[in-house]
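Novice: I'd like to ask you about the structure that follows.
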């Protein structure tokens with residue numbers, strides 16, 4: 001699958017998130033799955049949006065999430 005580069009720097013792909021913040025794609029997957037469970041070890045799941053099959057992260061949401 002060809003990785004499409006986003007022109008808008010406000011959004012990040014999972015690979016860009018891993019490169020910038022060191023959160024592996026596997027860890028991102030697990031953190032996204034926490035959103036699906038009411039009772040989880042993580043009360044603050046990683047903020048993301050899904051556009052079709054693509055997962056995107058809004059940079060300011062990730063920075064706020066990391067600070068919380």
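Novice: For the list (1) at pLDDT 90 or above; (2) exposed (fewer than 10 other Cβ atoms within 10 Å of the Cβ); (3) touching a strand residue (DSSP E or B) at 6+ places or on another chain (Cβ under 9 Å), I need the number of the one condition that residue 67 fails.
Specialist: (3)
Novice: Is segment 6-15 home to any residue that is assigned to a helix (DSSP H, G or I), at pLDDT 85 or above, in contact with a helix residue (DSSP H, G or I) (Cβ under 6 Å, 6 or more places away or on another chain) and farther than 16 Å from residue 60 by Cα?
Specialist: no
Novice: What residue, among those in segment 27-64 that are within 16 Å of residue 11 (Cα to Cα) and in contact with a helix residue (DSSP H, G or I) (Cβ under 8 Å, 6 or more places away or on another chain), is modelled with the lowest pLDDT?
Specialist: Filtering first and then ranking leaves 46.
The values are calculated or read from the model by the stated rules, or taken from the named source; none is laboratory data. None of these values were measured; they are calculated from a predicted model. Neighbour counts run over all protein chains shown; Cβ positions are idealised from the backbone, glycine included.
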